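K.L.:
Below you will find the structure I want to go over with you.
Bear in mind that the values in this text are calculations on the coordinates, not laboratory data. Here the structure is a predicted model, which is why all the values come from computation and not from measurement. For neighbour counting, all protein chains shown are included, and Cβ atoms are generated from backbone atoms with ideal geometry for every residue, glycine included.
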Amino acid sequence: MRLRLAEDEWVIVKTRAHRRVLNRPAVVFIVIAALTAFALGTLTRQDLPQAVLDTVPLLQVVVPIVAAVLVLAWCVIPLLRWRRTVVFLTSQRIVVRRGVTAKNQWELPLAFVRTLRISQKLLERGSGSGALVLETANGPVRLPHLPRVDRVRALVVTAIEHLPRSMGFDGVDIGTEEHVDGIGHG
């Protein structure tokens, strides 16, 4: 995942969501594996009702297929989504890239950020992760589950402080004189 940078731009931080977000898929995987093993073990018993005994060959195929679909939906896809979502902080913008099969990219120029705040839940405090909330003119932008969110916030503040002060929102130097519709400065 290479990021195209402007001539005078560099990457300060490249990160992804804290690995703590993978705890739920890991627990779900263990539960599904245990329930599948229990179900398949139960199907080998001879004291089952005759109606169940008649369907044992079918159930021995269906149970692992259902388990595989559940593992794919609740474990593998969240893992791939976590792996393929990257947050870049550059000297000029914040970029979030997502995508397993297709690429989706979102960007926010640092010049548009008015205020920053950190939002941490109780369990996030222990790991140092949390959400970085960027206030813009269009409303808040939330970057959830960032590792070392306090450090990322400090780096964003430093990057904003080092932005050229002469840059306007359209990238034109404010101090330059331009002719607009034939009207020049005399």
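K.L.:
Please express the shape of the chain as an equivalent ellipsoid: the semi-axes are the square roots of 5 times the eigenvalues of the C-alpha gyration tensor, given largest first in whole angstrom.
P.N.:
For the chain, the semi-axes come out at 53, 19, 12 Å.
K.L.:
Give me the Kirkwood hydrodynamic radius of region 1-102 in Å, from all C-alpha pairs, to one decimal place?
P.N.:
About 17.1 Å for region 1-102.
K.L.:
So, in nm, how far is label Val61 from label Lys14 when the simple model puts each one 7 Å beyond its Cα toward the Cβ?
P.N.:
With each label placed 7 Å out from Cα toward Cβ, I get 4.7 nm.
K.L.:
Any idea which of Gln120, Ala17, Thr42 is furthest toward the positive side of the dipole for the chain, if Lys and Arg beta-carbons carry +1 and Asp and Glu beta-carbons -1?
P.N.:
In the chain, that residue is Thr42.
K.L.:
Over region 69-163, what is the relative contact order in percent, taking alpha-carbon pairs closer than 8 angstrom and at least six residues apart?
P.N.:
Over region 69-163, the number comes to 21 percent.
K.L.:
Hey, what angle do you get for helix 23-42 against the long axis of the chain, alpha-carbon based, 0 to 90 degrees rounded to 10?
P.N.:
That works out to roughly 10 degrees.
K.L.:
Here is a further query. Using a 10 angstrom Cβ neighbour count of at most 14 plus a DSSP loop assignment to flag exposed trypsin sites (Lys or Arg not before Pro), which longest range of the chain is free of such sites?
P.N.:
46-102
K.L.:
Could you compute the FRET efficiency for Asp150 and Leu40, with r as their C-beta to C-beta distance and R0 at 35 Å, rounded to 0.05?
P.N.:
Once rounded, the FRET efficiency stands at 0.15.
K.L.:
Another question about this same structure. Compute the angle between helix 50-71 and the longest alpha-carbon principal axis of the chain, please, reported from 0 to 90 degrees and rounded to the nearest 10.
P.N.:
Helix 50-71 sits roughly 20 degrees off the main axis of the chain.
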